[in-house]
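Bear in mind that the values in this text are calculations on the coordinates, not laboratory data. A quick note: this is a predicted structure, and the numbers were derived from the prediction, not measured. Cβ placement follows ideal geometry from the backbone for every residue including glycine, while neighbour counts extend to all protein chains displayed.
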């Protein structure tokens, strides 16, 4: 079953169960996927839908940080709950050890010698991680490995 079909199925199940949080989150997600479909002028692939989900998770993460900084705990909690629902559609995250091994593997494969090769390493690492790692964490690991 495609990711878009799974989202639709889960939306209908949440709607029937009267799960307001899940319904609202999946409704926003379906809209974002539909917007992506309009941009592409074709149905999005699972990878493209996954990218939309990852973008939505990142938006929620940034919102939580901003609400916490502004002292709006109730809004931060709502955004965090939405983030949890969205993360259910992402593949499992890589552990720090797995991420470090991935970075080392990519550095070896690309033959990176220093910071000048960071872009090359990052693009290859992001392609391999494909939604399973946070870009900031990955970037800091690559930077630490290349500067050492």
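Every helix of 4 or more DSSP H residues in the chain counts as -39500 (n - 2.57), and over all residues that averages to -25500 deg cm²/dmol at 222 nm.
The long axis of helix 73-87 is offset from the longest Cα principal axis of the chain by roughly 80 degrees.
Note on residue 55/residue 117: beta-carbon distance plugged into 1/(1 + (r/R0)^6) with R0 of 30 Å gives a FRET efficiency of 0.65.
Here the residues 25, 38, ranked from fewest to most Cβ neighbours within 10 Å of their Cβ, fall in the order 38, 25. Among 15, 89, a tally of other beta-carbon atoms within 10 Å of each Cβ gives an order, fewest to most, of 15, 89. Between the entries (1) 18.1; (2) 15.0; (3) 17.1, the label attached to Kirkwood radius over Cα pairs in Å calculated for this structure is (3). For the range 12-74, the equivalent ellipsoid built from the Cα gyration tensor has semi-axes of 25, 18, 8 Å, listed from largest to smallest. Model label points for residue 100 and residue 126, set 7 angstrom from Cα along the Cα-to-Cβ axis, are 2.4 nm apart. Between helix 118-129 and the chain there is an angle of about 50 degrees, using the helix long axis and the longest principal axis of the Cα atoms. For helix 135-147, report the angle its Cα long axis makes with the longest principal axis of the Cα atoms of the chain; keep it between 0 and 90° and round to the nearest 10°. Rounded to the nearest ten degrees, it is 0. Between residue 81 and residue 140, the FRET efficiency from the beta-carbon distance, with R0 = 25 Å, is close to 0.35. Rounded to the nearest 0.05, the FRET efficiency derived from the C-beta distance between residue 37 and residue 108 at R0 = 41 Å is 0.60. Under 17 Å from a point placed 7 Å out from the Cα of residue 15 along the Cα-to-Cβ direction: which residues of the range 31-47 have their backbone N that close? Residues 31-35 fall inside that zone. Rg ratio for the range 52-91: its Cα radius of gyration over 2.2 N^0.38 Å, N being its residue count, equals 1.12.
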